Structures are given as structure tokens and as C-alpha cells.
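As C-alpha cells, the structure follows; a few thoughts come after it.
The values are calculated or read from the model by the stated rules, or taken from the named source; none is laboratory data. For clarity, every value in this text was computed on a predicted model and none was experimentally measured. All Cβ positions, even for glycine, are placed from backbone atoms using ideal geometry, and neighbour counts span all protein chains on display. Accessible surface is based on the protein model in full, side chains and every heavy atom, while ligands, DNA and RNA are left aside. Shrake-Rupley method; radii C 1.70, N 1.55, O 1.52, S 1.80 Å.
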Amino acid sequence: MNAAAGAGRGRRNAAPAPRHLYVHVPFCAVRCDYCEFYSVPLGVAGERPAPLAPFVPPAASPGPVESPTPPVASAPHERPAPLFAPVPDALPPGDDREALLDRFVAALVAEWEGERIRLGIERLETVFVGGGTPSLLGWERIERLLEPLEPLLTPRAEITLEANPDDVSDTFAAWAAGRRLRVSLGVQSFDARLRAELGRRALADPETAFAALRRAGVGAAVAPAPDSGARGAATWRSGAAARRPGAPGLGIDLIFGLPGQRLSDVEDELAVVARLRPDHVSWYELGIVSGSALAARVMPGASAASRAAAELPDDETASEMFRRIVTGLGRLGYEWYEVSNFAQPGRRCGHNSAIWRGHDYLGIGPGAVGTAAGVRRRDVPDAAAWLGALEGGREPAREHEELDDATRARERLLLAARTGERVPLADLAGAIDEGALPALAGAGLVSLTGGTLRVTRKGRYVANGVCVRLFRDSSFLEA
Amino acid sequence: MDLDHIRNFSIIAHIDHGKSTLADRILELTGSVTARDMKEQLLDSMDLERERGITIKAQAVRIDYKARDGQTYQLNLIDTPGHVDFTYEVSRSLAACESAVLVVDTTQGVEAQTVANAYLALDNDLEIIPVLNKIDLPASDVAETELEVHELTGATYEELLTISAKTGAGVEDVLEAVVARTPRPGGDPQAPSRALVFDSQYDQYRGVVAYVRVVDGSFARHEMVQMMGTGQKVEVEELGYFGPEMTAMPRLETGEVGYIITGVKEVAQVRVGDTITALKRPAEHALPGYKVVHPMVFCGLFPTEGDKFGELRDALEKLTLNDAALSWEPETSQALGFGFRCGFLGLLHMDIVRERLEREYDLELITTTPNVEYHVFQIDGSMVPVRNPADMPDVQRIDHVEEPYVAASVILPTEFVGTVMELCQGRRSDFVDMKYLSPERVEMHYQLPLGEIVIDFFDQLKSRTRGYASLDYEFSGYRNGDLVKLDILLAGEPVDALSLIVPRERAAVRGRALVEKLRQKIPRQMFEVAIQAAIGARVVARETVKAHRKDVIAKCYGGDISRKRKLLEKQKEGKKRMKQIGVIEVPQDAFLAVLELDSEGKDKG
């Protein structure tokens, strides 16, 4: 990897370097029916993985459902790859899943090194390893990824890892606990029936996985004793890495508004949460993304039978579901610190909180996004090309979006509306239509005090609407 | 061409009876247009006209016709509209002619505008040449139609011509009749020159094109002339005739019909009805102009985007160039901002103007519900004319309200008499009388408020009589009416653009229907929206649009921010087409919600 040392020195004189790192691991076993992200299905462990096909994103124009974009042919095959299914074709010789993942991690480290030098990163406060299914890498590979970051981590640095229940073995759990990680377990629903509706492949029971993680001490305030845990973890612990206090936690991701889900099911879900007491809960509403397998089942065009069977909750029910979620989790002591994120006191996700406050962060890995010095950039979501570039000693292809002041102000508002953060009106000047404020304040959706604006809890339910109301009409900007 | 060989004639008829087809055939027959050039109904040059199959503007064409007597005559044909809304246009062009070919469709018989136009022609002292058309069709009933036309015009059976404009049968006879029966044009070639401006068209490069009929004397190119009405002195840049294309000539003589271009760009300076005279030897008296028509139907026109107000004004100015019947004046609405209150001859006129504005001038408009002009007599004795329901004075100040009435005549087959009676009964009408045009057809006369016609009377009449009935109406004065203002309130605030003036007896029903309709049209907002209908302080109906409870609860991590921001920006763009009334976002079509309800207040669906 070419070390751009000169660039590093120059960098130090410009804006301060990002203190947060996001790593994107795009691999999954199979793609879930509802997934809208860049994901490379690898097939179930033990089977031949699929070749790396370029990603074709859902239609660019935002909206609930648009017509799917036609798939792009993947080199070296002539046939266009189906958009959202594993490609069961022969692989380039010599490749297999394990080697692929090894190469992937090596390339990640290479990209990190290059960016560290170029941006002059000296400290990292948070690291977030997301995907896809990062836990697919296995704890040893993740360790290889984290090792080079060690020297830069601050004492209370937070490291978050997304994991699927399938990948949670006792060894994994012990390692995660010893490592003082924040683990975000992809549950989606504790109800197997509802999970099946999503095409969620996870065969392992999420409760079991959760319990295993808890038992091993993931998220515990105090580090587990060195002699507890399985052999694999002991192997690791005997390593030289210094133990850090860290900012651990055990969180779960849930989705509501599922096909066939009723209000009582949401209550059941809350009951499980109450029993398990995760440190953190992310709970989103199911969105039907065009091109996804789920969309094919439920949208106009799908057969009437499959749509009826889909039974998506109507608007009223979904609203009530969410209201119960917010109040239910509130009663359990969770702080509603972002529209879809709830945390026990002291257990918020520091990485996401930093991003929501507009702090710069670096993103590495195919499809990863990062924002720094007013520019948002994204590694092109093409794992094969990304890998090829880094293995060839080059930087991977990236897309850049310049964010001018007005755009940044709008984003600030957009994020603040979701978190309830208090924002000085001066910071938003020119980007918002101040004439809309009185009505919103009158309706209790925003609170205006001392020259600051805060979206209330009531307003958070309709954060999008508040933003649309407040965004300045673009025609004024041109005038 | 000497006066003896000039014939100026018009073709008048009820809509779709075939006058334009006849005009086409005449042009073809006389070689004015080769068959290859012939586009169906050539004279309707506006796209809109062709689309709707109706004539809006009158057009004038000079035809050279070699008659059976061997002599060549100059025939000037003026095409006219056939809808009740455009009676004004008809009378203008008739003033330039000496005869009118009255075309009657033998499958339909005499209809309302047949009668109306025939009377107009008689008013203008024209010779009427009745022509029975569409004899090629199996449904043609010549005997019956002959009877009706005879009743109407007094023409003898020998004087009636039977033709098929479509096939061309008998068309030459029509031309012969025009030659034989049309009086030579009056006027004195030696007298000081006078030309009547009977129409005008604005050309963006050449300015105003005046359609003229030379009554006395003559005009030459480069001559200095004066507009007698405005006093303006201008030079004749070009003059000529329509052949049907504009064909420049060195002179236009007495009795001829054609055009004069003076280079004038200002609409107001070339007034229809004005007289042009030569500056060197001006005439003493102008030709009699036209009676000023009064607009009958009004609506508010507002640009969707406030900054397009100037464009709308310019467009209206240009439209008035060619449409003297269109009236407009600035209006301010609390709800809709700056716009115009426009007056039209009728609903079709309004529709056409609106479409022209949107299409030819590329404007996005909000139109309010059409209404008539009320005369509100206040307690202090003064009278306030109200063209916008929102301007209605407070109830306490009102002594009584008068509304315009019309004398309506409906011509229909006898089998529908009961249906039409029923329709009119529901419209606060007074039955006047009934006359048989023939054993099969009847003419019924009613007096009823114009306000009852304005919304959907015509459509209802047509649909209930399977299209066989026709309607003509004429303003017949103002009469007292028990009318009240129905206000619509959104979130407790009255929305002026939604106000209506309705008969008191129906106010509650209309109010409830309207409120329900609005509830359907107004989307859920971040606040609950109360929709109320009220008469004065009394609420007669109420509905609520529930508040939107939540957005889709989606994740928004680093990689999602750009996408989410763009989504919201796009939604903001989408809102531009809504009107903001207080805190409520109201879609444009909510303002026309009342049109989706019939006069009883029932949803037309």
C-alpha cells in the first residue's frame, strides 16, 4: 500500500481527523427478503459461496416502492445476476469462502492503513463493524481487523459488532465478553413464525444466542475473570493485548409492522425484552423496498393471494404498535434517544450518537460511507472491484458528494429531529423556513427556547413531517 | 370587384349541425383549397377548436366563384361559433354580412342555437338562406325538418335547400343561392372611407390584425388612417384578404372583407366594433358598434406559484386581444394570494379560457368554483355587486339579495317533457310556456336563476334526455332570492376561496356534502384539521381530518443520511403544489370540490 506520507502531513494542518471508524462487511449467508442494503450472499457455511457480483441498488428515487432497476451482468459471467438471490455459479478457481474472507480482512486492514496515514488519524473513540453479517467473519478474523486499531483506541473506546444468532457460539461469546465489545444482535423478531415471513434465514434461536452472550458476560460492567469461558477464548486471552475498560453492551435489533404481526405480537415481543433486559434496543418499522423478495410478495403486481397472506398491518395498527413500543420500553427504563433507538442509562451507541451529532467519521469496506470535512464519500459497493484494487496496491473506487452549508444545515436538522437534540437556530439559519416554527411549536412538535430549536418527543413521531415543514423552499435559495 | 359582384355571407347553425363541414366543402368546390391541402375543417385554425370540434373564433375567407350565369363573384364567407356562450361572436360577424346560410341537421331538427342564431340574423337584417343538411344519413328526416324550419323562418318549401355537406351533394346550389339571394353590399364607394372592425387577432410579430368589412370608400396600403373610437392615427402597413391564407393586396374596396395591419401592438388600441377611416378625408360618423356584452359567470384564477402572477396577467391581456368578452380584474384571496376575478359569457367560455391559459401560456392555475354576480342591497340603501362570494357583506347589513335570472328555452323531443320539467323544478324555476315546433318537438320556456344553471344544468339536461335536448338562455334581469353565504372554515379559520352563495333552503345540505368532500380531499397532516361549514356564526356541518400519527420509523445510520435527506427534499418539492392555508396544506383540487357535488349536494362520484 502506498503510504501517502506527504498527504498525511498536509492533512494535519487542515480539519481535525475523524475519531470514529465504520467498517462495512457486506457478506451474508443469504439475503433476507426485506433487505435493501448492499449485501453479498455467500451461501450457507460448507456450501460453495457465490462469486462477488456488482451491487445494483434499489431505484435511486426515494419513495415507498418504485419499479426495480434491471440487474447488471456480472463479470466474468454473461448472464445478468438476479438482483436479490445468491448466484449459484462456479467460482474462479482457487477461491473458497474461507480464503475469500481472509483476503477481505487483509484488504480492510490495508484500506485502514492508507486512510489512517492520509487523514492523519491519531485517536479513535468509536469503531462500528456493520454489514451484512460481520459475525460471519468469525472472531479470529475480526480480531485480526481490530488489532491494528488497538494503539489508537481511547481508554473508553467503544467497539460495536453486529452479529447474527447463527454465529454465536460459546467461544464467540467468551471472546466478545473478554474483548469488552458492544454486540448488536440481529433478532428482528423473537417469534419464529414472524421471522419466517421475512425469509430470515437464522436458524438459531435468538433467545438462546442472547442468553449465551449474557452468560459469557457480554455487556457486563466488569470484565469477566480470566479463567471463565471456553477454550478458544482462553487462547485469545492469553494474548498480549492489554485489557481496556471499554464501553460494552448487549443490544438487539427488532422490526415491527411485519406481515401477519398483530398488536398482541408486539406486546409479546415487549414481554421478552422485559425478561431479557438487553442494554440497548433498536426497533424499526418494516419498509418494503422495491426489488426485494418481500416487495414481490406484497406489492401490486403480486398475486392477490400472496398479498392477502402477507397481511401487513394498516396505518392505524402500525401507529399503535409503535406507540406501545415507545411507552413499553420507557416503562422498562430505556431512554428513547433516537427515533428507532432505545438504551438503558449509559448504554447508548456512542458511534451512532457521534454521527447523529454531525461528527466526522471514516468508512472502510465496499459500500461503506464516511463523512469528513464537508464531503460525504462512499466506497463503491462492488466487493470484487474493491478487493481487486486493494490487492493491487491501489485505492478502491469511491463516490464523493460535496455538502454545502445549506445541505449540512438540513442534515443537522434532520438528525436533530430524530434525536431531540437542541440546536441553535443560528446554526440552521438560511436552511429553514422560520415562518413555520410558530405553528409547529403551537402543536407541541417543537420547543423553542433561548434561540434554540428542539423537536419534542411528540414531534419525533412525525420527524420527517417536521423536517419537510421546516426545510426552506428551494426556490428561495435560487432567488 | 364591383359591388354587384360581391356577396358577404355567413353560415350559422346549432353546434355540430355541419356548418364547418359546409364551409370546407365550399372551399374545396371553389378551388380555394386543393383537396390535398384540405385538413378537415380548415377554418378552425386553433388546435383547441379542432380538438373540441367547435369553432371559437370567427374566420373570414374570400372565395372567387364562377356562377352558373357565367359571371365571377367575390364571395366572402365568415365562419361562426355555435354555442350559446358565443352568441356575441356570432353577432359580430353577422354585422359584416348581408346574408346567413342557416344550416339545420335533418337528423336533429331545429335546436336551441338554430333558433337563437336565426333571430340574431333577423336582428341584423340579413337574408336567411335555410339549408337542410346531412341528407346522406339514414336518420335524416327532411319532411319534419322542413316543417320546423318553415315555422321558424317563414321560408317557403321552394326556398329550402337540401344538401349533404359531407358528400358535397347540393353544395353548389347553396353557392348559387348565395349569389342569387344575397343583396349586394350597401355602402358608397365615393363616400369617406369607413371600415368596421368586426374581429381582431394578435400576432406576436406583426401586432394586431384587424378583421374588417369595408363599408364605404376604400383603403390602400401605406395610407394613413384613424381609429375613430380611440382617435389613434396609424399607417396601414398591410391589408388584404384571406384566401384562406393572408394575401396582401394594394387596396381593399367597398363591400369587401379582409384584414388591415397597422403595426399597432397594443390591444386596447384596436377595438372590435370600432370604425377605421382615412385620415385624409375622415368620415363624420362612426359605424354603429356593438352592444357591450356582460359577463355572466365568474371565477377566481390564481397561479399555483405566487411568483407567476405577472405571467398570468400578461397572458390574460393577450387573451383579451382576441376575446373581448373576457373580463378580468385583480383579486386578493387570503387563502390563495394574488390572482384575478374573471368574467365569462358562460361555462364553456370559462373552460376554454382556462385551457388556453394553461396550454398556450404554460400556466398552472387554481380555479375557484364558478359563480354569478349577485346584487346585495344593504340596510343603508346602497347596493353592492358581489362577484366573489367572499365579498358578501355581513348578514346584519343585508336587506335583501338579488340574483340574475335568465329566460331559458329548451328544445327537446316531446317524450322528454316530463324529465325536463322535473329537472327544472329542482332549480327554483318558473315555468313560462311550452310551444310545439312540430308534433315531435317542443320548445319549453322557463325563468330560472342563472346560478342554478352555472354548475351543471347543461350536463344534467343532456344526460337526462340522452343528448336530444338543447338549451339557450338570455339574461332577463335580477330578482330577489333568499340567499345566504356558506362559509367553509379550516381549523376554525374561514377560507375565502371556498365560500359559496346558496339558497337558504339548501344551505345545510350543501354544507354537509361539501364538508365531507373536503374531508376526502385534504390529506392527513401533522395536526388534526377541523372542517366546518357555517352560515354566519352558525355551524351547519363538521368533519375532522385526523392527524397523521407517525412517519415510517426507519433507521438512519451514516450511510442512510444522504438518501433520507434527498427523500425529504423531494417531499418538500412535492408540497409546492399545495396551498398553505394557515397551518394546513390543501391540495389544489380541493377548491373545486364543490363541482363534484350535484345541486342537491349529492356526490356525483
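Annotations
- Of A:Arg200, A:Arg195, all but one fail to be closer than 22 Å to A:Glu269 by Cα, crowded, with 16+ Cβ neighbours inside 10 Å and at pLDDT below 75; the exception is A:Arg200.
- Residue match in segment B:396-411 (condition: of a type outside the set (Val, Ile, Thr) and either at pLDDT below 85 or outside any strand (DSSP E or B) (or both)): yes
- Boolean, B:Leu514 is aliphatic (A, V, I, L, M), over 30 Å from B:Gly109 (Cα atoms) and open to solvent by 30 Å² or more (accessible area, probe 1.4 Å): no
- Selection within segment A:129-148 - in contact with a Gly (Cβ under 8 Å, 6 or more places away or on another chain) and hydrophobic (A, V, I, L, M, F, W, C): A:Trp139
The rows are residues; the columns are (1) open to solvent by less than 20 Å² (accessible area, probe 1.4 Å); (2) more than 17 Å from A:Pro206 (Cβ to Cβ); (3) assigned to a loop (DSSP other than H, G, I, E, B); (4) of a type outside the set (Gly, Ala, Ser).
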site: A:Glu122; (1), (2), (3), (4): no, yes, yes, yes
site: A:Leu136; (1), (2), (3), (4): no, no, no, yes
site: A:Thr160; (1), (2), (3), (4): yes, yes, no, yes
site: A:Gly186; (1), (2), (3), (4): yes, no, no, no
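- Which numbered condition B:Lys318 misses (of (1) in contact with a Lys or Arg (Cβ under 7 Å, 6 or more places away or on another chain); (2) touching a residue at least 40 places away in the same chain (Cβ under 8 Å); (3) surrounded by fewer than 21 Cβ atoms within 10 Å (Cβ to Cβ)): (1)
- Under the condition of being surrounded by fewer than 23 Cβ atoms within 10 Å (Cβ to Cβ) and either within 25 Å of B:Pro385 (Cβ to Cβ) or without any contact (Cβ under 8 Å) to a residue 60 or more places away in the chain (or both), the residues counted in segment B:354-366 number 6.
- Test for B:Lys572: is it within 14 Å of chain A (Cβ to nearest Cβ), more than 30 Å from A:Val23 (Cα to Cα) and modelled with pLDDT under 90: yes
- One residue stands out among those in segment A:256-283 that are at negative phi and charged (D, E, K, R): the one that is nearest to the other protein chains (Cβ to nearest Cβ), which is A:Glu269.
- With respect to the conditions (1) open to solvent by 10 Å² or more (accessible area, probe 1.4 Å); (2) out of contact with any helix residue (DSSP H, G or I) (no Cβ under 8 Å at 6 or more places or on another chain); (3) on the phi < 0 side of the Ramachandran plot, A:Ala318 lacks only one, and its number is (1).
Quick grid of which residues meet (1) under 24 Å from B:Pro503 (Cβ atoms); (2) open to solvent by 20 Å² or more (accessible area, probe 1.4 Å):
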| position | (1), (2) |
| --- | --- |
| B:Val410 | yes, no |
| B:Thr414 | no, yes |
| B:Val420 | yes, no |
| B:Leu423 | yes, no |
| B:Val432 | yes, yes |
| B:Tyr436 | no, yes |
| B:Gln460 | yes, yes |
| B:Gly467 | no, yes |
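- Filtering segment A:329-371 to residues that are outside any helix (DSSP H, G or I), among the small types (Gly, Ala, Ser) and either within 12 Å of chain B (Cβ to nearest Cβ) or touching a Leu at 6+ places or on another chain (Cβ under 9 Å) (or both) leaves A:Ser340, A:Gly358, A:Gly363, A:Gly365, A:Gly367, A:Ala368, A:Gly370.
- Checking B:Ala491, B:Ala508 one by one, the residue that is within 14 Å of chain A (Cβ to nearest Cβ), touching a residue at least 12 places away in the same chain (Cβ under 8 Å), in contact with a strand residue (DSSP E or B) (Cβ under 6 Å, 6 or more places away or on another chain) and open to solvent by 20 Å² or more (accessible area, probe 1.4 Å) is B:Ala491 and no other.
- A:Gly374, sole failed condition from (1) within 11 Å of another protein chain (Cβ to nearest Cβ); (2) over 21 Å from B:Ala547 (Cβ atoms); (3) of a type outside the set (Asp, Glu): (1)
- Looking only at residues of segment B:541-553 that are surrounded by fewer than 18 Cβ atoms within 10 Å (Cβ to Cβ) and at pLDDT 90 or above, we find that the one that is nearest to the other protein chains (Cβ to nearest Cβ) is B:Thr544.
- Of the criteria (1) in contact with a Pro (Cβ under 9 Å, 6 or more places away or on another chain); (2) in a loop (DSSP other than H, G, I, E, B); (3) modelled with pLDDT of 80 or more; (4) not acidic (Asp, Glu), which one B:Gly273 fails: (3)
- When B:Leu518 is tested against the conditions (1) closer than 30 Å to B:Glu415 by Cα; (2) not in a strand (DSSP E or B), the lone failure is (1).
- Here segment A:364-404 is the region considered, the condition is being free of Cβ contacts under 8 Å to residues at least 60 places away in the same chain and under 18 Å from A:Ser39 (Cβ atoms), and the residue that is most open to solvent (accessible area, probe 1.4 Å) is A:Arg378.
- Qualifying residues in segment A:405-455 (those that are closer than 25 Å to B:Ile581 by Cβ, open to solvent by less than 20 Å² (accessible area, probe 1.4 Å) and assigned to a loop (DSSP other than H, G, I, E, B)) - the one farthest from the other protein chains (Cβ to nearest Cβ): A:Ala431
- Residues of segment B:195-235 that turn out to be outside any strand (DSSP E or B) and within 30 Å of B:Tyr361 (Cβ to Cβ), as a count: 6
- Scanning segment B:358-394 for residues that are assigned to a strand (DSSP E or B) and under 21 Å from the mean Cα position of the chain (by Cα) yields B:Leu365, B:Ile366, B:Thr367, B:Asn371, B:Tyr374.
- Each residue in segment B:295-307 was checked for being buried (at least 20 other Cβ atoms within 10 Å of the Cβ) and either of a type in the set (A, V, I, L, M) or within 14 Å of another protein chain (Cβ to nearest Cβ) (or both), and 4 pass.
- Some residue of segment A:380-396 being at pLDDT below 95, out of contact with any helix residue (DSSP H, G or I) (no Cβ under 6 Å at 6 or more places or on another chain) and within 12 Å of chain B (Cβ to nearest Cβ): yes
- Flag if B:Ile11 is of a type outside the set (Lys, Arg), closer than 30 Å to B:Glu144 by Cα, modelled with pLDDT of 80 or more and under 19 Å from the mean Cα position of the chain (by Cα): yes
- Residue list for segment B:521-540, filter: within 14 Å of chain A (Cβ to nearest Cβ) and assigned to a loop (DSSP other than H, G, I, E, B): B:Pro523, B:Arg524, B:Gln525, B:Met526, B:Phe527, B:Glu528
- Unmet criterion (only one of (1) buried (at least 17 other Cβ atoms within 10 Å of the Cβ); (2) within 11 Å of chain A (Cβ to nearest Cβ); (3) among the hydrophobic types (A, V, I, L, M, F, W, C)) for B:Ala590: (2)
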